[in-house]
Structure formats: structure tokens, C-alpha cells
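Notes follow once the structure below has been shown.
The values are calculated or read from the model by the stated rules, or taken from the named source; none is laboratory data. Note that this is a predicted model, so its numbers are computed, not measured. FYI the Cβ positions are ideal-geometry reconstructions off the backbone, even for glycines, and counts take in every protein chain you see.
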């Protein structure tokens, strides 16, 4: 009698059996993994997680609308925008733990937006060949091995190399290390251009910093003249009190953009550390008139900084009047940035 009563109680209460399933009140068997997903509240349970998912999707889609008025929050979000996708699996785990169908459905919004923005970066876009190969590298003023860095860059096979953050104490080592591969070169302040082809009209570009950190030269390639710009825009800082301080960088971007817009060469290449990503609206004076070689012909996101664990791409190669063929990162050197390279067609 007691045994029969216990069996009936287990059946009506939905206890687990030895097979990992539960027998419901109606006699149906429910696998353990789906326990708790039923009930009349399944479609509204976890509404807070669903709201967060929709807000994340909105922040990704409308990233350019996030204001910069307070701490340049918009530019900060855009600098690390691809990493916003990391929040999607985090919310998904919380939704599963909460057993919220509503939250899981809502997560389709940020997932689809992220795929639309960045999914193309994980497809193969690189071609082969190219009329001109270029490299840019922020070599770091505190580079412990400038001679080794110069050797690696000289062995890259590039036709043109631009360097940023060349300190006065290390400049001679870069000149010596690159001289064998590049007959022509010009340094202006802490930036320089080394070329296998003749250069002329090398001059400083005033980017409103008070000292030279940008230059332009005309390189006479076998396919025709190219205006080559090398630039190192001011650094940005993330501080608790003032937020993302990028005002000087933004002003320099405007000055550089004006110089490129006024150039009448027809074909131009910008090589440099812009301390900002292609998504950052503050770089629009430059990015609105040039194409990123990585975005057009690169494989993967092409993160370049920090070299030990790259999380963002602030080292850029952009072209105007030319067609990107391929774009890639080179192995790390003694710098805290990775060198980046690209091949382009005229």
C-alpha cells in the first residue's frame, strides 16, 4: 500500500527517473535538459535580459548616434565596436540559466546586427599580386631592438615603408638598417618614408601638434606617381574623470583630411598610426574620402595593437584612386604595435 502510494506521488509530482527524464502529470516524459522551460510564464520570463539584448543591438546598429558630448563615449564605443559581440554569448548563457525563451529570441537582434557589421571580416577577400606593396609600422620610441626591427622591415619585400614614432636616438639605426633595401628616404620629425622608387616634393604636413608628425612625398613608381602620406595622430587617453580624451587627435584628423582632399596627384596612399579605428566617426575627415585596404581586401579583423594581444586596429593603410588587392599583418617586432602591409593596383 505504502509503495503504491509513493509511486503515484512520484508520478504526479514529476520526479526524475533513472533514465534522466521526468514523467509529467499527464504521463509524458520530459528530458532533464528541458526541465523548467514550460509553464505559462515562458514567454515573458527574463524580460530584463531581453531588454538588454535589444539595447545591445541598438548600440551596435546606431553606434554613430551615440553622442560624444560626455567623455567622447561614442568614439570609445566605436574604437572597440567589434568586441561588443562578446556580450552576445554572455547574455545567451544568462538567458539559458534563466530559462527565458523571450531573451533568446531577443538575442537574434544583436547577433544579426553584429554579423551584418563584421561578418564579412571573416571571409577571404585577399587577392594575389598587386602593382605596389606598402608597409606601415609604429616602431615605438622605446623599442629595445631598433636594428632588428629595421632588418625585419627591410626583408618584408615592400616597395614603400612608412615608420612612426622614430625617436631621435634611434633614427640612425633605422636609416642604416633600411638603406640596403630602400635607396630613397625622408624623415620629418618622428615619421619617415623609405622607398625603392624616386621620391620628390617631400614636406611636412601640419596636423596642428606643434611639432612634425606627418609628411607627404610624391613617389615615382613604374606605374605612375603616387602621393604617399605618413602620419602619426595624437594619442588618446581613457581617464575616469574626463572619459575618452581625444580632442587633439580629432583636430589633427581634420587637418590631415584637408591636406589629402586638396592633393591633386590623383592617387594617394595614407600610411600611419591614426590612434583610431575605421568605425570612429572622429576620423571621418580622412576615412570618408579613402578606402581601408583591410576592410576591402583583408582577411580577418587585422587588429594591430597591442602587439602582445591585439584587440583593435589603429594602424591604417588607406588608398584613394587605387584598388586594394590584399592586406595583412606582419610578425611582431620589438614594438608594441604590429606592422601592417597591403598590396594595391593602379
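Brief remarks on what is shown
Each row is one residue, and each column tells you yes or no for (1) touching a helix residue (DSSP H, G or I) at 6+ places or on another chain (Cβ under 8 Å); (2) within 16 Å of residue 77 (Cβ to Cβ); (3) part of a strand (DSSP E or B).
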position: 270; (1), (2), (3): yes, no, yes
position: 276; (1), (2), (3): yes, yes, no
position: 279; (1), (2), (3): yes, yes, no
position: 282; (1), (2), (3): yes, yes, no
position: 286; (1), (2), (3): yes, no, no
position: 294; (1), (2), (3): no, no, no
position: 302; (1), (2), (3): yes, no, no
position: 310; (1), (2), (3): no, no, no
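- For the range 60-98, the set of residues classified as over 17 Å from residue 284 (Cα atoms), touching a helix residue (DSSP H, G or I) at 6+ places or on another chain (Cβ under 9 Å) and touching a residue at least 40 places away in the same chain (Cβ under 8 Å) consists of 60, 61, 82, 91, 94, 95, 98, listed by residue number.
- Note on the range 146-168: among residues that are part of a loop (DSSP other than H, G, I, E, B) and touching a helix residue (DSSP H, G or I) at 6+ places or on another chain (Cβ under 9 Å), the one that is nearest to residue 213 (Cα to Cα) is 166.
- Checking 122, 118 one by one, the residue that is in contact with a helix residue (DSSP H, G or I) (Cβ under 7 Å, 6 or more places away or on another chain) and over 30 Å from residue 44 (Cβ atoms) is 118 and no other.
- Cβ pairs under 7 Å, 6+ apart, first in the range 315-329 and without any contact (Cβ under 8 Å) to a residue 40 or more places away in the chain, second assigned to a strand (DSSP E or B): 323/344; 323/345; 324/291; 324/342; 324/344; 329/340
- Qualifying residue in the range 299-308 (condition: touching a strand residue (DSSP E or B) at 6+ places or on another chain (Cβ under 8 Å), closer than 23 Å to residue 174 by Cβ and surrounded by fewer than 24 Cβ atoms within 10 Å (Cβ to Cβ)): yes
- The condition of being closer than 16 Å to residue 230 by Cα and modelled with pLDDT under 95 does not hold for residue 279.
- Residue match in the range 48-64 (condition: at pLDDT below 90 and either assigned by TED's automatic domain parsing to the domain that holds residue 277 or surrounded by 11 or more Cβ atoms within 10 Å (Cβ to Cβ) (or both)): yes
- Restricted to the range 179-208, and to residues there that are in contact with a helix residue (DSSP H, G or I) (Cβ under 6 Å, 6 or more places away or on another chain) and surrounded by fewer than 20 Cβ atoms within 10 Å (Cβ to Cβ), the residue that is nearest to residue 263 (Cα to Cα) is 208.
- Taking the criterion of being closer than 28 Å to residue 249 by Cα and in contact with a strand residue (DSSP E or B) (Cβ under 9 Å, 6 or more places away or on another chain), the residues of the range 82-132 that qualify are 82, 83, 121.
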